[in-house]
Amino acid sequence: MSYEGYEEFLCENGHYFTLPEFFCGGEIKCEYCGGSEVWSNEVDETNGEGFCFGPDRLRMKTEAEYYECQDPKCGHKTLIKPATYDTPTIEEMAEFELEMEKVS
């Protein structure tokens, strides 16, 4: 049986990003700003049960900013500045762990 999963991160500037598990190890830097990782969570998808903390559970500090194409037919958006999030508290992580145990 093989392992399938990824790791989710927050950098010191609050940017959320993910990396495949096999890329993890050593020093992790934010893909947006190069900031150091301050929080991580391993997401195991081996049996199709990927329980991630994810941006939906994080407290947003600033919303993402996009440039929208001026052509009304296009609708394309380009990310200018990613959203930032607060690092989850110990209590929030403990609550998340309890939720995962109930589902498992």
For this session: Return yes when N13 is modelled with pLDDT of 95 or more and either surrounded by 14 or more Cβ atoms within 10 Å (Cβ to Cβ) or not in a strand (DSSP E or B) (or both) and no when it is not.
Result: yes
For this session: Determine if the stretch 65-85 includes at least one residue that is charged (D, E, K, R) and closer than 25 Å to E4 by Cα.
Result: no
Exercise. Counting just the residues of the stretch 63-81 that are under 17 Å from the mean Cα position of the chain (by Cα) and outside any strand (DSSP E or B), which one comes out surrounded by the fewest Cβ atoms within 10 Å (Cβ to Cβ)?
Worked result: E63
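For every residue, the table says whether it meets (1) in contact (Cβ under 8 Å) with a residue 60 or more places away in the chain; (2) within 30 Å of K102 (Cα to Cα).
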| site | (1), (2) |
| --- | --- |
| W39 | no, yes |
| F53 | no, yes |
| R57 | no, yes |
| Y66 | no, no |
| Q70 | no, no |
| K73 | no, no |
| A83 | yes, no |
| I90 | no, yes |
Exercise. Which of the residues belonging to the stretch 82-94 are surrounded by 13 or more Cβ atoms within 10 Å (Cβ to Cβ) and charged (D, E, K, R)?
Worked result: D86, E92
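The values are calculated or read from the model by the stated rules, or taken from the named source; none is laboratory data. This structure is a prediction, so every number in the text was calculated from the model and none was measured. Counting neighbours? That spans all protein chains shown, and the Cβs are built from the backbone with ideal geometry, glycine included.
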